[in-house]
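Student: Attaching a single structure in structure tokens format; questions to follow.
The values are calculated or read from the model by the stated rules, or taken from the named source; none is laboratory data. The structure displayed is predicted, hence computed values, not measured ones. Cβ atoms come from the backbone with ideal geometry, glycine included; neighbour counts cover every protein chain shown.
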Amino acid sequence: MNLGIAGRRALVCASSKGLGRGCAEALAEAGCDLVLNARGAQALEAMAEAIRTAHGVNVTTVVADITDEGGRAEVLATAAGAVDILVTNAGGPPPGMWPDWSREDFIAALDANMLTPIALMTALLPPMLDRGWGRVVNITSQSVKAPIPQLGLSNAARAGLTGYVAGTARQVAARGVNINNLLPGSHNTDRIHTLEGGIARAQNVSLEEARRIRQSDIPAGRYGTTAEFGAMCAFLCSQHAGFIVGQNILLDGGQTSATI
Ligand code: NAP
């Protein structure tokens, strides 16, 4: 399928690895020029060069912490108005137990996973609206549909973003700008391997056994791939997605057991 977005310019945040990288690769395959961001320069530059070679698109990189106001300003200065597609992403808050979370922990989680994507949309929606076309995909989490108890900080911050998107998406849709959220379940990324390490230590089992335990909960019987995740992101950014407004698309291999 021709996604109809060749030549569009996409800002993909937190994209040197994992799900962000999957989205960047799929958008490049669709012919988009990219602005990519991460905190670590080495992986980001390597990834940018791999994309240039594979897809022949223009790739600009910005080494910055997207959750920090100064870092975000650098990214926005580089992206400078001409962004047709915005994919928001950042690392998730740490796991823990509800009595241990302080006000500062909540502020940090809200800053990273709610207020950062909102700030990016606030900056980049106006030029999209002026041009009459735009797409925003926020990478959130399966926990938006069904909470993950030990990820209370993430549950709280992502719920706030989801509420914001539900209203805002409906305010901009008539002007050609579509905002939706992608909700990953377990995907084969560094973050999941860190979680497997935690299970292996807590249950005194091998990493392979920890992986088997996690995957046995997923009806598809495996983790998702970053390529599958990126393909859905690229579709939501495509010309064909103009009637998809304010949705929360779950990519979890069936793990969230719900009829609707
Ligand atoms: P990952 O494999 O650890 O990759 C994270 C990417 O984001 C890296 O490129 C990292 O590069 C960059 N990054 C992290 N924090 C950043 C920041 N503050 N500013 C700029 N770049 C940053 O993680 P992932 O699995 O793709 O997860 C991405 C998001 O999806 C997270 O919020 C996670 O909670 C959520 N999620 C993931 C899964 C899953 O199964 N993987 C499931 C549910 C939700 P640098 O470290 O160099 O900055």
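Student: Every residue in the stretch 49-74 that is outside any loop (DSSP other than H, G, I, E, B) and within 16 Å of the chain's Cα centre (by Cα), please.
Tutor: Arg72
Student: What are the pairs with Cβ atoms under 8 angstrom where one residue, in the stretch 80-103, is farther than 28 Å from Ile179 by Cβ and among the aromatic types (Phe, Trp, Tyr) and the other, located anywhere, is surrounded by 13 or more Cβ atoms within 10 Å (Cβ to Cβ) and modelled with pLDDT of 95 or more? Sequence gap at least six, or different chains.
Tutor: As it stands, the answer is Trp98/Gly152; Trp101/Gly152; Trp101/Leu153, since those pairs meet every condition given.
Student: Go through the residues of the stretch 79-87 one by one and say whether even a single one is at pLDDT 95 or above, closer than 19 Å to Pro184 by Cα and either surrounded by 19 or more Cβ atoms within 10 Å (Cβ to Cβ) or within 14 Å of the ligand (Cβ to nearest atom) (or both).
Tutor: yes
Student: Restricting attention to the stretch 92-114, which residues are within 25 Å of Leu236 (Cβ to Cβ) and at pLDDT below 95?
Tutor: Across the stretch 92-114, the qualifying residues are Gly92, Pro93.
Student: Can you pull out the residues in the stretch 35-63 that are touching a helix residue (DSSP H, G or I) at 6+ places or on another chain (Cβ under 6 Å), away from the ligand (no atom under 12 Å from the Cβ) and among the hydrophobic types (A, V, I, L, M, F, W, C)?
Tutor: Passing the criteria: Val35, Ile51, Val57, Val59.
Student: Now for a separate question. Regarding Val177, is this residue over 14 Å from the mean Cα position of the chain (by Cα), within 23 Å of Ala231 (Cα to Cα) and away from the ligand (no atom under 16 Å from the Cβ)?
Tutor: Taking the combined requirement at face value, the residue satisfies it.
Student: Something else: If a residue must be small (Gly, Ala, Ser) and either touching a Lys or Arg at 6+ places or on another chain (Cβ under 7 Å) or in a loop (DSSP other than H, G, I, E, B) (or both), how many such residues does the stretch 85-133 contain?
Tutor: 7
Student: Now for a different question. Please go through (1) within 22 Å of Pro184 (Cβ to Cβ); (2) surrounded by 15 or more Cβ atoms within 10 Å (Cβ to Cβ); (3) within 15 Å of the ligand (Cβ to nearest atom) for Cys32 and return the number of the only condition it doesn't satisfy.
Tutor: It is condition (3) that Cys32 fails.
Student: Within the bounds of the stretch 198-220, is there any residue that is under 24 Å from Ile179 (Cβ atoms) and surrounded by 14 or more Cβ atoms within 10 Å (Cβ to Cβ)?
Tutor: So far as the stretch 198-220 goes, no, none of its residues is under 24 Å from Ile179 (Cβ atoms) and surrounded by 14 or more Cβ atoms within 10 Å (Cβ to Cβ).
Student: Related question: May I ask you to list pairs of residues, at least six apart or on different chains, whose Cβ atoms are under 8 Å apart, with the first in the stretch 126-155 being closer than 28 Å to Gly198 by Cβ and the second being aromatic (Phe, Trp, Tyr) and part of a helix (DSSP H, G or I)?
Tutor: Gly152/Trp98; Leu153/Phe106
Student: In addition: Quick one: is Ala38 buried (at least 16 other Cβ atoms within 10 Å of the Cβ) and over 27 Å from Glu228 (Cα atoms)?
Tutor: So Ala38 does not fit the description; no.
Student: Looking only at the stretch 27-44, filter to residues that are in a helix (DSSP H, G or I) and in contact with a His (Cβ under 8 Å, 6 or more places away or on another chain); which one of those is nearest to Glu74 (Cα to Cα)?
Tutor: So, considering only residues that are in a helix (DSSP H, G or I) and in contact with a His (Cβ under 8 Å, 6 or more places away or on another chain), the one nearest to Glu74 (Cα to Cα) is Ala28.
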